[in-house]
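K.L.:
I'd like to ask you about the structure that follows.
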Amino acid sequence: MSATPPIVVGITGASGAPYAVRLLQQLVGAHRPVSLIVSKYGLRLLQTEMGIESMDALRKAVGKDAWDSCVEPFSNEDRGAPPASGSAITAGMIVCPCSMGTLSAISVGASRSLIERAADVTLKEKRRLVLVPRETPLSAIHLGNMLRLTRAGAVVMPASPGFYHRPKQITDLVDFVVARMLDHLGVEQTLVKQWVGERD
């Protein structure tokens with residue numbers, strides 16, 4: 001494993017498994033160490049949306065060699081794992097996709113699982129926390145939780161792909177959102193060109 005602090009990646013049960021897999025592929029492709037936490041509903045989501053039935057299948061989808069050199073998985077039930085402690089230095093955290101239940105728990109500091117505790121630690125240590133919800137429509141409760149988290153320092157980034165780059169396939173839409181995630185994590189990306197505006 002690298003001496004560079006890891007990025008903590010949480011995968012929960014909201015729809016959006018392709019985003020999570022593509023994000024992991026890009027992080028390991030950039031040789032960024034990852035502390036990975038997948039909830040049981042996150043694993044069910046991976047199976048439902050992508051046919052990934054186990055952590056070993058996820059490792060295969062991401063790329064075994066890159067996974068082995070960059071990814072350290074942790075059980076979501078283990079609140080004593082390194083991501084649960086502020087003294088374990090990280091380069092921030094992203095929850096992708098982030099269920100509304102997880103977002104709600106983080107917004108009130110519930111810390112019932114390792115993902116929730118790691119997010120709580122990320123906020124209290126004033127590190128970068130990116131949450132990627134995928135839900136529509138949004139209730140007043142959802143919006144209130146998002147506002148509370150934004151005020152606490154988190155970046156709430158709904159998985160809302162744009163269309164000005166004229167996507168031709170689903171992977172183009174996935175890459176659009178993942179590129180924004182990487183931008184906010186401070187990881188260089190070449191998935192989508194930066195917008196430079198219209199020129200005469």
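K.L.:
So which residues in region 155-177 are among the β-branched types (Val, Ile, Thr) and either touching a strand residue (DSSP E or B) at 6+ places or on another chain (Cβ under 6 Å) or within 16 Å of residue 128 (Cα to Cα) (or both)?
P.N.:
Scanning region 155-177 gives 155, 156.
K.L.:
Looking at region 59-72, I want the residues that are over 15 Å from residue 38 (Cβ atoms) and have a partner that is surrounded by 16 or more Cβ atoms within 10 Å (Cβ to Cβ) with Cβ atoms under 6 Å, at least 6 apart or on another chain. Which pairs are those?
P.N.:
What qualifies is 66/28; 70/28; 70/33; 70/34.
K.L.:
Identify the single condition in (1) at positive phi; (2) crowded, with 17+ Cβ neighbours inside 10 Å that residue 96 does not satisfy, given that it satisfies every other one.
P.N.:
(1)
K.L.:
So residue 50 ticks every box in (1) modelled with pLDDT of 95 or more; (2) crowded, with 16+ Cβ neighbours inside 10 Å but one. Which box is left unticked?
P.N.:
It is condition (2) that residue 50 fails.
K.L.:
OK, next. Being touching a Leu at 6+ places or on another chain (Cβ under 8 Å) and of a type in the set (Ser, Thr, Tyr) is the filter here; which residues of region 13-37 pass it?
P.N.:
Passing the criteria: only 15.
K.L.:
Can you pull out the residues in region 123-158 that are over 22 Å from residue 83 (Cβ atoms), in a loop (DSSP other than H, G, I, E, B) and modelled with pLDDT of 95 or more?
P.N.:
Result: 137, 138, 139, 158.
K.L.:
I've got another one for you. Note down all Cβ pairs under 7 Å where the first residue falls in region 16-39 and is more than 13 Å from residue 178 (Cα to Cα) and touching a residue at least 60 places away in the same chain (Cβ under 8 Å), the second is among the small types (Gly, Ala, Ser) and crowded, with 21+ Cβ neighbours inside 10 Å, and they're at least six residues apart or on different chains.
P.N.:
37/10; 37/118; 39/13; 39/113
The values are calculated or read from the model by the stated rules, or taken from the named source; none is laboratory data. These numbers were taken from a predicted model, which means no experiment stands behind them. We place every Cβ from the backbone using ideal geometry, glycine too, and count neighbours over all the protein chains shown.
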